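Handing you this structure, nothing more for now.
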Amino acid sequence: MIFEKWYSWLFGIIAVSLYGFSCYHYKIYGEMFLQAIYVAISVFGLYTWNKNLKKELHISKLEPKEWLFYLIVAVILCAITFLILQALQGELPILDALTNGFAIVATYLAARKKIDNWLIWIPVNIVTIYMMLNREMPFYAILYLCYGLFAIVGFIQWKKNLVSQNELNGRGA
């Protein structure tokens, strides 16, 4: 997604599916649930980015009212996920719920090419690194460290593209 290629969503679908099976094996149901949501949103992203090849879906920023809306959506998703994880007696239900709610919103924003998605991914990945280390899953902690670095690179790359796009349209950043 960093380089805005529609087929990156296909790789995402494969990756989250494999990770979801791993989470099932380790009985990390919150993460497993999140991967199922990722698959659904990734299908949406694949459709949206592929459909928009002709009319170009452009990188854009959220307006303050949109930030508030998505913050509220994320908090609601966190609360719902927390209740589910508590009922399933999941490990680290508060942190797991936080990463779930905000990651769902970030994935949706990525599908809409909102640059703000990267700003959500960075703290989500940091918290997930802690959770993976806590669960003694160092490979996944390293994977989320890489995702965190990708989020930083993605933000920088998309920011450059946004500035260029705005300059072409005569709007400034």
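State whether one or more residues within the range 90-106 are surrounded by 17 or more Cβ atoms within 10 Å (Cβ to Cβ), at positive phi and among the hydrophobic types (A, V, I, L, M, F, W, C).
Taking every residue of the range 90-106 in turn, at least one turns out to be surrounded by 17 or more Cβ atoms within 10 Å (Cβ to Cβ), at positive phi and among the hydrophobic types (A, V, I, L, M, F, W, C).
Looking at the range 98-141, which of the residues that are among the small types (Gly, Ala, Ser) and in contact with a Gly (Cβ under 7 Å, 6 or more places away or on another chain) is farthest from Trp67 (Cα to Cα)?
Result: Ala111.
Which residue is surrounded by the fewest Cβ atoms within 10 Å (Cβ to Cβ), if the candidates are limited to the range 140-157 and must be more than 15 Å from the chain's Cα centre (by Cα) and under 11 Å from Trp118 (Cα atoms)? Before the answer, list the steps.
Residues of the range 140-157 that are more than 15 Å from the chain's Cα centre (by Cα), as a first pass: 140-142, 156-157.
Adding the requirement that they be under 11 Å from Trp118 (Cα atoms) leaves 156-157.
Numbers: Ile156: 12, Gln157: 18.
Here the answer is Ile156.
Can you run down the residue pairs with Cβ atoms below 6 Å, 6 or more apart or on separate chains, where the first is in the range 88-112 and β-branched (Val, Ile, Thr) and the partner is surrounded by fewer than 21 Cβ atoms within 10 Å (Cβ to Cβ) and at pLDDT below 90?
Ile104/Ile37
Oh, and also: Only one of (1) surrounded by 15 or more Cβ atoms within 10 Å (Cβ to Cβ); (2) more than 20 Å from Ser8 (Cα to Cα); (3) among the small types (Gly, Ala, Ser) fails for Ala111. Which number is that?
Of the numbered conditions (1) surrounded by 15 or more Cβ atoms within 10 Å (Cβ to Cβ); (2) more than 20 Å from Ser8 (Cα to Cα); (3) among the small types (Gly, Ala, Ser), the odd one out for Ala111 is (2).
With (1) surrounded by 18 or more Cβ atoms within 10 Å (Cβ to Cβ); (2) modelled with pLDDT of 85 or more as the list, and Trp49 as the residue in question, which single condition is left unmet?
(2)
Between a residue in the range 58-72 that is over 21 Å from Ser164 (Cβ atoms) and any residue that is assigned to a strand (DSSP E or B) and not basic (Lys, Arg), which pairs come within a Cβ distance under 6 Å, given they are 6 or more apart or on different chains?
Filtered contacts from the range 58-72: no entries.
Within the range 59-100, count every residue that is in contact with a Leu (Cβ under 9 Å, 6 or more places away or on another chain), closer than 19 Å to Ile120 by Cα and part of a loop (DSSP other than H, G, I, E, B).
Residues that pass the stated criteria total 3.
The values are calculated or read from the model by the stated rules, or taken from the named source; none is laboratory data. Bear in mind that the values here come from a model prediction, so they are computed numbers and not experimental data. Ideal geometry is used to build each Cβ from the backbone, glycine not excepted, and the neighbour counts take in all protein chains shown.
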